[in-house]
């Protein structure tokens with residue numbers, strides 16, 4: 001490790017030096033704790049105590065233990081200047097015990113041999129390809145029955161997960177945070193072991209095997225990464241060496257809205273820690289990308305625009321993203337950011353933050369608010385669905401219906417649809433067709449694809465039994481077919497970020513709540529016509545410049561009977577004349593055409 005780079009925040013490989021590393025002579029343990037008065041290594045089941053030596057420039061501690069080996073449990077007893085001590089897990093530890101136990105575990109990074117060379121060489125940033133992400137919480141997608149600890153291991157879940165993703169039409173899976181965390185209810189967003197895959201689901205080698213199998217099946221993998229804050233548990237990073245080493249000394253900026261400690265991004269050693277961690281998941285585990293949580297809290301002080309831009313935070317993001325791209329070509333970097341801070345997805349050499357994609361939180365909120373309305377109010381709120389295209393070209397956006405939209409009293413996506421039970425399904429089908437034709441990459445949280453009607457609970461698996469009911473089964477098959485169309489039709493994705501790839505064919509049917517959208521690609525185009533009112537809209541005509549009647553083909557009607565709609569397939573009411581399409585639209589429906 002380059003010491004100067006470590007101190008100045010330029011390091012991306014600190015984990016190769018710090019932490020516990022097994023070799024023929026035992027295990028060498030190293031930790032950075034400049035303010036500690038002394039450190040003892042506590043290792044093994046009987047808690048053997050070995051004093052560690054000050055090393056290098058005096059800010060590090062190191063010891064080699066001959067009888068330690070892989071799978072050995074350990075922690076650091078760190079003495080403060082007043083003589084008191086706190087036992088801490090290893091900030092750079094590659095494994096940890098299952099909560100409530102919290103010691104680190106010696107693990108190797110070479111236990112799995114990857115077989116995904118072809119995938120890694122052909123990897124792209126998908127800017128001109130379909131990117132359809134299935135967001136998943138590892139512990140509550142499927143669980144085992146009849147067991148106290150009922151989580152599937154990383155390697156156990158691979159086969160059923162791959163089968164579901166392929167059948168459902170998703171080409172990427174995004175895992176909510178897998179780094180170690182003490183509290184199930186935090187969903188992984190309050191970490192104690194940033195380099196340790198959660199022991200709830202197995203070992204690092206088993207996680208590597210899962211990613212490897214996904215790649216060999218043609219499916220990409222993204223990890224949710226938390227570079228903003230960390231858990232307050234005293235065995236973690238909090239006052240690690242007795243000083244404010246990782247966090248701010250002032251509660252005014254040091255405590256997050258979630259009660260956790262904010263990283264001090266102005267400190268070089270902290271930057272090196274976070275950059276090395278991000279690189280670790282990409283390089284060692286072959287994740288294809290990182291979705292970075294709560295980026296607004298790095299851009300602005302505590303995420304509050306009124307408090308101004310945190311210049312050190314912005315520079316940290318630029319440097320980290322640029323370095324990750326150089327080390328891991330074509331990795332995907334995604335920002336969860338609801339602010340209007342400019343150039344989030346512009347390359348760093350052009351003054352941007354260097355993310356590939358930004359979550360479009362505005363589109364998500366406006367769209368769901370619209371569909372929650374009683375249809376009689378949609379006329380006056382008609383342009384909630386057109387507003388997104390007023391700002392869309394400012395960034396490269398991704399459209400998310402994530403875990404955050406199906407918890408905390410918000411209701412699930414399908415529950416949000418206005419009206420009684422039966423009315424929710426046609427609106428849900430139309431909603432997702434609208435999502436697919438809208439520019440931007442896609443993300444959908446697990447359970448949304450089956451029309452889940454119970455808010456997500458991290459302690460329970462999804463309600464897969466509802467697929468026994470025809471409405472849910474047909475909804476799932478609709479979602480699967482829609483996803484397959486998205487993946488196979490380049491016009492829906494290859495010009496996502498070029499203005500000639502989109503146009504409103506009609507966005508002034510306020511009274512009828514009709515919208516018409518065209519998408520173009522290099523060699524074709526598609527269009528969709530929507531009726532978001534609760535009445536049949538007969539003989540609606542829309543101009544399709546340059547189209548010929550013989551080229552217009554119906555690809556999907558969200559109201560087909562096989563999706564539990566009212567329209568018999570093959571008897572859809574539409575007619576195409578040169579440059580004009582005339583349709584009759586069922587209530588809460590959409591029709592997708594190639595043209």
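Read the figures in this text as sums done on the coordinates, not as results from a lab. All of these numbers come straight from a predicted model, not from anything done at the bench. Every residue, glycine as well, gets a Cβ built from its backbone with ideal geometry; the counts of neighbours run over all protein chains shown.
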Q: Please work out the Cα center distance from segment 368-405 to segment 495-525, rounded to the nearest Å.
A: 15 Å
Q: Compute the separation of the alpha-carbon centres of segment 415-451 and segment 202-277 and state it in Å as a whole number.
A: 33 Å
(Q) Over the chain, what is the relative contact order in percent, taking alpha-carbon pairs closer than 8 angstrom and at least six residues apart? (A) 11 percent
Q: Calculate the translational D of segment 19-173 in whole µm² s⁻¹ from Stokes-Einstein, where the hydrodynamic radius comes from the Kirkwood formula applied to all Cα pairs, the temperature is 37 °C and the viscosity 0.692 mPa s.
A: 172 µm²/s
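Mind jotting down a quarter of the surface of the convex hull over the alpha carbons of segment 3-105, in square nanometres, one decimal?
7.1 nm²
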Q: Mind pulling the angle between the C-alpha long axis of helix 268-285 and the longest principal axis of the chain? Nearest 10 degrees, somewhere in 0 to 90.
A: 60 degrees
Q. Do the sum for the chain: with -39,500 (n - 2.57) for every DSSP H run of n ≥ 4, divided by all residues, what is the mean residue ellipticity at 222 nm, to the nearest 500 deg cm²/dmol?
A. -7000 deg cm²/dmol
Q. Rg and Dmax of segment 499-594 over Cα atoms: what are they, in angstrom?
A. 12.8, 36
Q) What is the helix-to-structure angle for 361-372, meaning the angle in degrees between its Cα long axis and the longest Cα principal axis of the chain, kept from 0 to 90 and rounded to the nearest 10? A) 50 degrees
Q: For segment 280-366, count all C-alpha to C-alpha pairs, find those more than 23 Å apart, and express that count as a whole percent of the total.
A: 21 percent
(Q) In Å and on Cα atoms, what radius of gyration and Dmax does segment 211-250 show? (A) 17.2, 48
Q | Relative contact order of segment 523-595, pairs being alpha-carbon contacts under 8 Å that are 6 or more residues apart, as % | A | 54 percent
Q | Taking 486, 391 and counting other C-beta atoms within 10 Å, the order from fewest to most | A | 391, 486
Q) Can you give the direction-averaged projected area of the convex hull of the alpha-carbon atoms in segment 109-197, in nm²? A) 7.9 nm²
(Q) For the chain, take the longest principal axis of its alpha carbons; what is the angle in degrees between that and the long axis of helix 470-488, to the nearest 10 within 0 to 90? (A) 80 degrees
Q.
What three numbers, in Å, describe the spread of the alpha carbons of segment 117-251 along their principal axes, ordered from the longest?
A. 50, 44, 23
Q | (1) 27.1; (2) 27.9; (3) 25.6, with the label sought being that of the calculated Kirkwood radius over Cα pairs in Å | A | (3)
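Please state the relative contact order of segment 87-221 as a whole percent: Cα pairs under 8 Å, 6+ residues apart?
Once divided by the residue count of segment 87-221, the mean separation gives 35 percent.
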Q) Roughly what % antiparallel, to the nearest 5, for the DSSP beta bridges in the chain? A) 70 percent
